[in-house]
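Take a look at the structure below.
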Amino acid sequence: MKIFLDSANLGQIRKYHDIGLVDGVTTNPTLLSKEGGDPQEIMGEIVRLVHGPVSLEVISTEYEGMMQEGRNLSRFGKNVVVKIPMTADGLKAVRQLKNEEIKTNVTLIFSPNQALLAAKAGASFVSPFIGRLDDIGEIGMDVIRDTVEIFRNYKYEAEVLVASVRHPLHVIDAAKLGAHIVTLPPDVLGKMITHPLTDIGLARFLEDWKKLKQTNPKIALTT
Ligand code: G3P
């Protein structure tokens, strides 16, 4: 399973990129507005830093505007994926951008039907928002289950990119269902790395090593 970071924070992206955990990045207007500063500069930096796909979202809601913005965003780098909202105009733009060899990620997907249409339009990625469905009492992961099955049935090229992830259990469930990608807020990725028993175990190992050194001072120990 590929792991993308759902963030526009350069510090966090650098941190997890240096560990080797970032297969790609997804941004959106909300994430960019949280950072302040010039969004164009931030988007450019992310595209330069990360080698994998970087989703940059259009603001326009009608076809012509989406096309113009999509073409402009694609100039940031070869790894740019243009993020397009799931609307009728959006689907039209996805098809035309594909004709122009520009990859797209269809965002704000809340049903398997929307995912199916985005895949048919030629999207490279479809992004169901599972956390927001959970928030209103629906089961977000059901959309992932159905979408993965539909894409397998028809061998669609589009990859299922699980978005609006809120906690590590979402990641396990998405992985068990065979979703291609999860895009994670940095704090969720951080939580996946740590476990209290790992910390306790490590502290005990170090304590015992210290004791060994104290009781056998003549033994050559590396540390
Ligand atoms: O990529 C955007 C998506 O992940 C949104 O997440 O937490 O705002 O529902 P959230």
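3J(HN,Hα) along region 199-212, derived from phi through the Karplus expression 6.51 cos²θ - 1.76 cosθ + 1.60 where θ = phi - 60°, amounts to 5, 5, x, 5, 4, 5, 4, 5, 5, 5, 5, 4, 4, 4 Hz, with x in place of Gly and Pro. Applying the criteria of a DSSP loop state and at most 13 other Cβ atoms within 10 Å to the trypsin sites (Lys or Arg not before Pro) of region 27-110 yields 75, 78.
Couplings for region 100-109, taken from phi via the Karplus curve 6.51 cos²θ - 1.76 cosθ + 1.60 with θ = phi - 60°, read 8, 6, 9, 6, 10, 10, 8, 10, 6, 9 Hz in order; Gly and Pro are left as x. The H on the amide N of residue 180, modeled in the peptide plane, is under 5 Å from the matching H of 160, each at least 5 residues off or on a different chain.
Take the alpha carbon gyration tensor of the chain, find the square roots of its eigenvalues, order them as a ≥ b ≥ c, and report rounded if a/c is under 1.5; if not, report prolate when a/b exceeds b/c, else oblate. Let's see the in-between values first.
Working: a/c = 2.75, a/b = 1.86, b/c = 1.48.
Verdict is prolate for the chain.
Pairs from the list 34/92; 15/83; 120/191; 120/176 with a Cα-Cα gap above 32 Å: 120/191. Going from the fewest other Cβ atoms within 10 Å to the most, the residues 161, 133, 49 appear in the order 49, 133, 161.
Contact order, relative form, for the chain: 16 percent (alpha carbon pairs under 8 Å, 6 or more residues apart, mean separation divided by residue count). When the GluC sites (Glu not before Pro) in region 1-81 are filtered for DSSP coil states and for at most 16 other beta-carbon atoms within 10 Å of their beta-carbon, the remaining sites are 62.
Just want the ordering: 87, 183, from fewest to most Cβ atoms lying within 10 Å of their own Cβ.
On the way: 87 16, 183 25.
Ranking 87, 183 by Cβ neighbours within 10 Å, fewest first, gives 87, 183.
Couplings for region 161-172, taken from phi via the Karplus curve 6.51 cos²θ - 1.76 cosθ + 1.60 with θ = phi - 60°, read 10, 6, 10, 6, 7, 10, 7, x, 5, 4, 5, 4 Hz in order; Gly and Pro are left as x.
For the pair residue 34 and residue 199 in one chain, pulling the backbone fully straight at 0.36 nm per residue adds 56.2 nm over the alpha carbon distance. Can you tell me the orientation of helix 88-99 relative to the chain, as the angle in degrees between its alpha-carbon axis and the longest Cα principal axis, to the nearest 10? Value to nearest ten degrees: 80.
Ranked by the mean number of other Cβ atoms within 10 Å per residue, highest first, peptides 119-126, 134-141 order as 119-126, 134-141. The residues 180, 170, when put in order of fewest to most other Cβ atoms within 10 Å, stand as 180, 170.
Select from region 149-223 those GluC sites (Glu not before Pro) which occupy a DSSP coil region and have at most 16 other Cβ atoms within 10 Å, ordered by residue number.
Values: sites: 149, 157, 159, 207; in loops: 157.
Counting only loop positions with at most 16 other Cβ atoms within 10 Å, the GluC sites (Glu not before Pro) in region 149-223 are 157.
No value in this document is a laboratory result; all are computed from the given coordinates. Values in this document were obtained by computation on a predicted structure and should not be read as measured data. For neighbour counting, all protein chains shown are included, and Cβ atoms are generated from backbone atoms with ideal geometry for every residue, glycine included.
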